[in-house]
Amino acid sequence: MTPSKTVTVHILDKDYCITCPAEERANLESAARYLDGKMREIRTSGKVIGADRVAVMAALNITHELLHKQQRLDQEVSSTRERVRDLLDRVDDALATDQDAPQN
């Protein structure tokens, strides 16, 4: 188990000290930059006022993105499974046809 370290991230003009394992630091910093960018987009739009509301809207937008990507991934997995089943059926048919062919 690796020791945890405190990392300071900057999100929407505030610093947050977060403890995380050393090997997760880059992911944490990347996530903080992404969140900061989303929150700044929302604040800049001028449609949402207040840091707490901006944070909730950013969380909703990020969650929507995540769920949409997960749905697309699930569809791709389903499509891939269908193609694999089709290929296996074709292989089975080819093997069965080869076994039925007269042997010389």
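If the condition is being surrounded by 14 or more Cβ atoms within 10 Å (Cβ to Cβ) and either among the aliphatic types (A, V, I, L, M) or more than 13 Å from Ile11 (Cα to Cα) (or both), then region 43-59 contributes Val48, Ala51, Val54, Ala55, Met57, Ala58. Restrict the check to region 14-21 and report whether at least one residue is out of contact with any strand residue (DSSP E or B) (no Cβ under 8 Å at 6 or more places or on another chain) and among the polar types (S, T, N, Q). No, every residue in region 14-21 fails to be out of contact with any strand residue (DSSP E or B) (no Cβ under 8 Å at 6 or more places or on another chain) and among the polar types (S, T, N, Q). Only one of (1) assigned to a helix (DSSP H, G or I); (2) surrounded by 15 or more Cβ atoms within 10 Å (Cβ to Cβ); (3) hydrophobic (A, V, I, L, M, F, W, C) is not met by Ala26, so which one is it? All conditions are met except number (2). The residue pairs whose first member lies in region 44-56 and is without any contact (Cβ under 8 Å) to a residue 60 or more places away in the chain, whose second member is open to solvent by 80 Å² or more (accessible area, probe 1.4 Å), and whose beta carbons are closer than 9 Å, counting only pairs six or more residues apart or on different chains, are Val48/Val56; Ile49/Arg43; Ala51/Asp13; Ala51/Lys14; Ala51/Arg43; Val54/Arg43.
The values are calculated or read from the model by the stated rules, or taken from the named source; none is laboratory data. On a predicted model such as this, the values are computed, not experimentally measured, just so you know. Note that we place each Cβ from the backbone using ideal geometry, even for glycine, and neighbour counts take in every protein chain shown. Note: areas computed on protein heavy atoms with side chains; ligands, DNA, RNA excluded. Shrake-Rupley method; radii C 1.70, N 1.55, O 1.52, S 1.80 Å.
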